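Worksheet: one structure, shown below.
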């Protein structure tokens, strides 16, 4: 029975994976907030991956391509960068797609954005160390003082 449930769960996972287009957004420096231009929905701080469900996207065009809404990156300094709609024709392939959003040169406050990127890097390092150590933050008991099992 467990095997059947496991197989069904994996089948569901893989079928859902094939019904989405995944795009990883990155910014230079990292830490910009990415929002969808069409709906002003926040996606997250870079680097961030968004899965676009094919069922919610417009129908493929005459060439079989789907259109992903554009995004905007906003750094803590107020600098912005924008990418227009993305036309993806190989959306059935399970390839990872990347979009890089560079911060505009000459915009004031670069030091602010670099500090945010550095802090995010430090946080990711702490998170990686924490998950390596077990991730629960609770140490197992070293002894059983009551003698009960």
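List of remarks:
- Filter pass, residue 123 being loosely packed, with under 13 Cβ neighbours inside 10 Å, touching a residue at least 12 places away in the same chain (Cβ under 8 Å) and not in a strand (DSSP E or B): no
- Checked against (1) over 30 Å from residue 20 (Cα atoms); (2) in a helix (DSSP H, G or I); (3) modelled with pLDDT of 90 or more, residue 117 meets all criteria but (1).
Let's see how each residue does on (1) modelled with pLDDT of 95 or more; (2) touching a helix residue (DSSP H, G or I) at 6+ places or on another chain (Cβ under 7 Å); (3) not in a loop (DSSP other than H, G, I, E, B):
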residue: 26; (1), (2), (3): yes, no, yes
residue: 39; (1), (2), (3): no, no, no
residue: 60; (1), (2), (3): no, no, no
residue: 87; (1), (2), (3): no, no, yes
residue: 92; (1), (2), (3): no, no, no
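- Residue check, residue 74 touching a strand residue (DSSP E or B) at 6+ places or on another chain (Cβ under 6 Å), surrounded by 12 or more Cβ atoms within 10 Å (Cβ to Cβ), under 15 Å from residue 23 (Cα atoms) and at pLDDT 90 or above: no
The values are calculated or read from the model by the stated rules, or taken from the named source; none is laboratory data. Keep in mind it's a predicted model, so treat the numbers as computed, not measured. Glycine also receives a Cβ, built like all others from the backbone with ideal geometry; neighbour counts cover every protein chain displayed.
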